[in-house]
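Derivation of every value follows stated rules applied to the coordinates shown; laboratory data play no part. Because the structure is predicted, anything quoted here is derived from the model rather than measured. Note that each Cβ is placed from the backbone with ideal geometry, even for glycine, and that neighbours are counted across all protein chains shown.
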Amino acid sequence: MIDLHCHLDLYPNPRETADACKLKQIFVLSMTTTPSAWEGTSALAAGAARIRTALGIHPQIAHQRIKELDLFERFLPVTRYVGEVGLDGSPELRVHWDSQVTVFRRVLDLCRKIGGRVLSIHSRRAASAVLDSLESSPHGGTSILHWFSGTKRELDRAIALGCWFSVGPAMLAGEKGRALVSTMPRDRVLTETDGPFAQVGGRAANPWDVVIAENELAKLWSVPRHEVETALDENFRRLLGAGEDPMF
Ligand code: MN
């Protein structure tokens, strides 16, 4: 099982959730929403061969954390993974749009300078603006659009730009999400939960709820579950670069 985007540090008992992931041998990419959370969150991955921590500045709080870009730059050399970063075009955040763009562009630039990173990117109501940024700063690394909710046209553009996609139970529960996922190249799709923010069945999603996404993918792709698992496993290894990360 692979949860390419969740927030271990935001569960009520982060240690317990991290330990459960270890026990279940789930590959987890654990997001941070702010650079000052980096040390505490990466400590949750200590001794867990399959948990990696991503360094992030979440677009919804980027305007409050712009001063933490220095901290972002300081921690960037110690991780290959960046997230959660991106842009959010929700009406209530419009007033902070310029700060969001400044932070995201700076993040992409720092990633480029250091030779590229694997990025998990938020693009709610901002798909075109995120793609504009990726197009104008094309060497930040490998971009994974998490819970993509743009239009079909924006999806086509993202595919052409080489983006990957992480899709979860919440996205696959809706007609629009399923239609988008069915258009994504199967060799660039991975699973996520976005727990504990995202819900399944009225409760916070746990990383092991990616099985729900695997089942939905099996239906969408009309293949048995084990073939989905094999495809996701191959994608994961290709994405993160077998041999470059000691978890393989
Ligand atoms: Mn998230």
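Here are a few things to note about the model shown:
- Lys/Arg +1, Asp/Glu -1 at C-beta; the chain dipole; positive extreme among Ile114, Ala129, Met184: Ala129
- Fewest-first ordering of Tyr11, Tyr81 by other beta carbons within 10 Å of each residue's beta carbon gives Tyr11, Tyr81.
- Relative contact order of the chain, pairs being alpha-carbon contacts under 8 Å that are 6 or more residues apart, as %: 18 percent
- The simple spin-label model puts a point 7 Å past each Cα toward its Cβ; for Lys67 and Arg112 those points are separated by 2.8 nm.
- When the range 7-85 is reduced to its Cα atoms, the Kirkwood hydrodynamic radius in Å: 12.6 Å
- As a proxy for reagent exposure, ranking Leu93, Leu131, Leu23, Leu161 by other Cβ atoms within 10 Å from fewest up yields Leu23, Leu161, Leu93, Leu131.
- Inter-part distance, the range 92-106 to the range 190-246, computed on C-alpha centroids, equals 30 Å.
- Taking the average, over residues, of other Cβ atoms within 10 Å as the packing measure, peptides 72-78, 121-127 rank 121-127, 72-78 from highest down.
- Cα pair distances of the chain binned at 10 Å [whole percent]: 8, 34, 40, 18, 1
- Net length gained if the chain between Lys24 and Glu92 were fully extended (0.36 nm per residue, minus Cα distance): 20.6 nm
- The distance between label points at Arg15 and Arg74 comes to 2.6 nm (points 7 Å beyond Cα on the Cα→Cβ vector).
- With neighbours defined as other Cβ atoms within 10 Å of a residue's Cβ, the residues Asp9, Asp3, Asp19 order from fewest to most as Asp19, Asp9, Asp3.
- Pairs of lysines in the chain whose Cα atoms sit within less than 27 Å of one another amount to 5, provided the residues are eight or more positions apart or on different chains.
- Helices in the chain, meaning DSSP H runs of at least 4 residues, each add -39500 (n - 2.57). Divided by all residues, the mean residue ellipticity at 222 nm is -12000 deg cm²/dmol.
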